[in-house]
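**Student:** Quick one: the structure is below, and I'll ask about it shortly.
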Amino acid sequence: MINNLINSLFEYWPVLWPALAAIGVILAVVPFLGLYMTFVERKIAAYVQDRVGPNRVGPFGLFQAIADGIKIFLKEQLIPDHVFTALYFLAPAFSLITAMFALVVMPFGPVATDYKDGFRFIVAPGIDIGILMMLAISSLSAYGIIVGGWASNSKYSIYGAIRSCAQFISYEIPLGLSILGVIAITGSLNIEKIVEAQSGSLFDWNVFWQPVAMLVFFTAALAETNRLPFDLPECEQELVGGFHTEYSGIKFVLYFLAEYTHIVTVSFLTALLFLGGWHFPGLPGPSGASTPILLLGLGVLLAKVSLVVLVIILLRWSLPRFRFDQLMGLAWKGLIPLGLVNLVGVAIVLSLGLPKHLLIATVILPVLGAYYSAAKFNASTAIPNATRQGLSPQGAVSYE
Amino acid sequence: MSEPQTNEAQKNEALKNKPSAKKSVKWGEAPKLTILDALYLPAIVSGLATAVRHAVSGKATTRQYPEVEPEIPPNYRGVHRLNRDEAGRVKCVACYMCQTACPANCIEIIAAPAPKDDPHWKDRDKFPATFTIDELRCIYCGMCEEACPVDAIELTSIYDLTGMTREEMIFDKEKLLSVFDETVKTGRDPVRTNRGKLGPAAELSSTAKDAPPPPGRGKSG
């Protein structure tokens, strides 16, 4: 039995080691990345607010993230009396596990679609339901928050968890809808193939054919990461800390690593699905490419990802938080109709075999929507003529 | 209750005579929403532009405190000191004015008659045998300084007073005199109160104004 196992291990070793190596890379890099994103976020926040930011630990404060990490690892394990202990411990771990697990199908560097042996920048290459699996698993992370909120046995936590639940359910829909258009154009759920379809010139990138989908995707993804302006589950002014009110020390860090892993995931997805992934005009594709070309592709992808991360961080410091009904209204009255109509447009263009250029016409959709909502708003605030002439008591002040 | 028809007519008549129906009434209207407003995107982009503009301006307002010290105005109310007169004696005449004026009850004076046989003290009646200020209890309002009739107690520009115990924050007469020696030696705090004038909290004293800028201080961040 054990011999068999060892034998099959040796037999499958050529297939196994690239996956193990990729897992190693992800496990080593992602927490480090999360740690340093807190530092980058603090620095950018400081610069936006005309401050200096952390600059005491190491050159330019570069070791601040490490100092924070050490501090928080050494913190006392505080467990409130009133929590459901088992769930209380499981919830943050579950949150991080699901966030990391979604990275399994995500290429973090150039991956050729011929899948030859050897190291590839992906744990599980060639998964034909890749993007579906990613969406399914990353939406599981809502459980981490809901279980955590429930296990904390505190009103702020459960309110945060309920909000997060509602938000996740609402924003899953536009997220899926916006990706559907891209999938329909590519004809594949495989992320590598979606990126492969964007090779060639700059105008093969999906962002030029699906700008509305990109807008909807980015907004919904921002909501999925629980970041400002959608951080209702943890808004400090109303809910103390939201779902992580009762958490401290390493368990709190797990939640935050999960959040930052989500940001990484979302940024990678945006870059891969809409911004051409590792492709750049003039750069050869990854199939049969030499190592320097592959590294160049990796650099291109990481540059695009950093750009998206930068936008996400800057958005945090320029937009105020939504009110909850506005949040729900944006999803159900704004993004879902936009996504649906966009999908219908893609379907019409593809099934009738119309030229692809017609897809650009979808940018008119948000304009139409804005025209409609502006007209509706103006009609609702206008003072009726009858009121002006004193003929209608509506809106007029009575002096009797 | 009158008839319904006349009631209706009366109501219309009343509405026509309402102030709101008059031509002179100006109706304020909510500003109209344009397509760009309803699209949100221009507003978001302009917000991002503001954020980026500040981020790249490189004009941080932060002061790197331990390296760059703050500019202390000459009438700053910091740690107390007890001034010495020309003979090096404590100026205080133990009149209890500061102790009485103190709203925080942090000054405690025990007066003693000046030693008459000592030629050093022969022109003085009273002097403080002990003079203690609880620097932790003090609210640094400067009322002791204003109350003092002989310009003996003054507040200095020392703003970074710290201590490890409560005991060491209770300053006695020797400590307060040593604060005077220290601050006068470094020139950062010339004697700033003048009898008969308003206290330093009300106006900058002429001596402080004419004093040279304190060395090593007042570098702007």
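**Student:** Across the stretch B:53-74, which residue is farthest from the other protein chains (Cβ to nearest Cβ) among those that are of a type in the set (D, E, K, R) and in a loop (DSSP other than H, G, I, E, B)? It would help to see each step written out before you state the result.
**Tutor:** Looking only at the stretch B:53-74, we keep the residues that are of a type in the set (D, E, K, R), and these are B:53, B:59, B:63, B:67, B:69, B:71.
Subset that is in a loop (DSSP other than H, G, I, E, B): B:59, B:63, B:67, B:69, B:71.
Working: B:LYS59: 6, B:ARG63: 9, B:GLU67: 11, B:GLU69: 17, B:GLU71: 19 Å.
Across the stretch B:53-74, the extreme among qualifying residues is B:GLU71.
**Student:** What are the residues in the stretch A:213-254 that are open to solvent by less than 20 Å² (accessible area, probe 1.4 Å) and at positive phi, if any?
**Tutor:** A:ASN226, A:GLY242, A:GLY249
**Student:** If you don't mind, there's one more thing I want to ask. Would you list the helices (runs of 4 or more DSSP H) that sit entirely within the stretch A:202-306 and hold 2 or more residues that are acidic (Asp, Glu)? Steps first, please.
**Tutor:** Details: elements: A:206-209, A:211-224, A:236-239, A:249-273.
Passing ranges, in order: A:236-239.
**Student:** Here's another thing I want to ask about it. Consider B:ALA208 against the criteria (1) modelled with pLDDT of 60 or more; (2) open to solvent by less than 50 Å² (accessible area, probe 1.4 Å): it satisfies all of them except one. Which criterion is unmet?
**Tutor:** All conditions are met except number (1).
**Student:** Could you list, ordered by first residue, the pairs with Cβ atoms under 6 Å in which the first is in the stretch A:369-380 and surrounded by 18 or more Cβ atoms within 10 Å (Cβ to Cβ) and the second is not in a helix (DSSP H, G or I), at least 6 apart or interchain?
**Tutor:** A:ALA374/B:LEU33
**Student:** Something else: When you scan the stretch A:41-56, how many residues do you find that are away from chain B (no Cβ under 12 Å) and open to solvent by 20 Å² or more (accessible area, probe 1.4 Å)? It would help to see each step written out before you state the result.
**Tutor:** Pass one, the stretch A:41-56, residues away from chain B (no Cβ under 12 Å): A:41-42.
Cutting the leftovers down to open to solvent by 20 Å² or more (accessible area, probe 1.4 Å) gives us A:42.
Result for the stretch A:41-56: 1.
**Student:** B:ALA43: open to solvent by 60 Å² or more (accessible area, probe 1.4 Å), at the interface with chain A (Cβ under 10 Å from one of its Cβ atoms) and either in contact with a helix residue (DSSP H, G or I) (Cβ under 7 Å, 6 or more places away or on another chain) or free of Cβ contacts under 8 Å to residues at least 60 places away in the same chain (or both), yes or no?
**Tutor:** Working: open to solvent by 60 Å² or more (accessible area, probe 1.4 Å): yes; at the interface with chain A (Cβ under 10 Å from one of its Cβ atoms): yes; either in contact with a helix residue (DSSP H, G or I) (Cβ under 7 Å, 6 or more places away or on another chain) or free of Cβ contacts under 8 Å to residues at least 60 places away in the same chain (or both): yes.
Yes: the conditions hold for B:ALA43.
**Student:** Please pick out the residue among B:THR100, B:THR62 that is among the β-branched types (Val, Ile, Thr) and under 30 Å from A:ARG42 (Cα atoms).
**Tutor:** Working: B:THR100 fails: under 30 Å from A:ARG42 (Cα atoms).
Only one candidate passes the filter, namely B:THR62.
**Student:** Within the group A:SER154, A:SER164, which residue is buried (at least 24 other Cβ atoms within 10 Å of the Cβ), closer than 29 Å to A:GLY242 by Cα and not hydrophobic (A, V, I, L, M, F, W, C)? Quick ask: steps written out before the conclusion?
**Tutor:** Details: A:SER154 fails: buried (at least 24 other Cβ atoms within 10 Å of the Cβ).
The conditions single out A:SER164.
**Student:** Sort through A:LEU96, A:LEU87 and tell me the only one that's crowded, with 21+ Cβ neighbours inside 10 Å and touching a helix residue (DSSP H, G or I) at 6+ places or on another chain (Cβ under 6 Å). Walk me through how you get there before you give the answer.
**Tutor:** Details: A:LEU87 fails: crowded, with 21+ Cβ neighbours inside 10 Å.
Exactly one residue qualifies, and that residue is A:LEU96.
**Student:** I'd like to check something: does the stretch A:256-270 contain any residue that is of a type in the set (Ser, Thr, Tyr) and free of Cβ contacts under 8 Å to residues at least 60 places away in the same chain?
**Tutor:** In the first step, residues of the stretch A:256-270 are kept if they are of a type in the set (Ser, Thr, Tyr); the result is A:260-261, A:265, A:267, A:270.
From what is left, the residues that are free of Cβ contacts under 8 Å to residues at least 60 places away in the same chain are A:267, A:270.
Looking for residues that are of a type in the set (Ser, Thr, Tyr) and free of Cβ contacts under 8 Å to residues at least 60 places away in the same chain, one finds at least one in the stretch A:256-270, hence yes.
**Student:** Given the options B:PRO31, B:PRO70, name the one that is modelled with pLDDT of 80 or more, open to solvent by 70 Å² or more (accessible area, probe 1.4 Å) and not aliphatic (A, V, I, L, M).
**Tutor:** Values: B:PRO70 fails: open to solvent by 70 Å² or more (accessible area, probe 1.4 Å).
Checking each option against the conditions leaves just B:PRO31.
**Student:** Which of the helices (runs of 4 or more DSSP H) found entirely inside the stretch A:307-390 contain at least 3 residues meeting this: within 11 Å of another protein chain (Cβ to nearest Cβ), at pLDDT below 85 and closer than 21 Å to B:ALA30 by Cα?
**Tutor:** A:364-381, A:385-388
**Student:** To continue, here is another question. Count, please, the residues in the stretch A:99-141 that happen to be part of a helix (DSSP H, G or I) and open to solvent by less than 10 Å² (accessible area, probe 1.4 Å).
**Tutor:** Of the residues in the stretch A:99-141, the ones part of a helix (DSSP H, G or I) are A:99-105, A:130-141.
In the following step, the residues that additionally are open to solvent by less than 10 Å² (accessible area, probe 1.4 Å) were identified as A:99, A:102-103, A:105, A:130-131, A:134, A:141.
Summing the residues that are part of a helix (DSSP H, G or I) and open to solvent by less than 10 Å² (accessible area, probe 1.4 Å) in the stretch A:99-141 gives 8.
**Student:** Of the conditions (1) open to solvent by 50 Å² or more (accessible area, probe 1.4 Å); (2) in a helix (DSSP H, G or I); (3) away from chain A (no Cβ under 12 Å), B:CYS98 satisfies every one except a single condition; which number is it?
**Tutor:** That leaves (1) as the condition not met.
**Student:** With the checklist (1) open to solvent by 30 Å² or more (accessible area, probe 1.4 Å); (2) assigned to a helix (DSSP H, G or I) in hand, flag the one item A:LEU78 doesn't pass.
**Tutor:** The number of the failed condition is (2).
The values are calculated or read from the model by the stated rules, or taken from the named source; none is laboratory data. Predicted model only: the values in this text are computed from it and were never measured. Don't worry about glycine lacking a Cβ; one is built from the backbone with ideal geometry, like all the others, and counts go over all protein chains shown. Heavy atoms of the whole protein, side chains included, go into the accessibility calculation; ligands, DNA and RNA do not. Shrake-Rupley method; radii C 1.70, N 1.55, O 1.52, S 1.80 Å.
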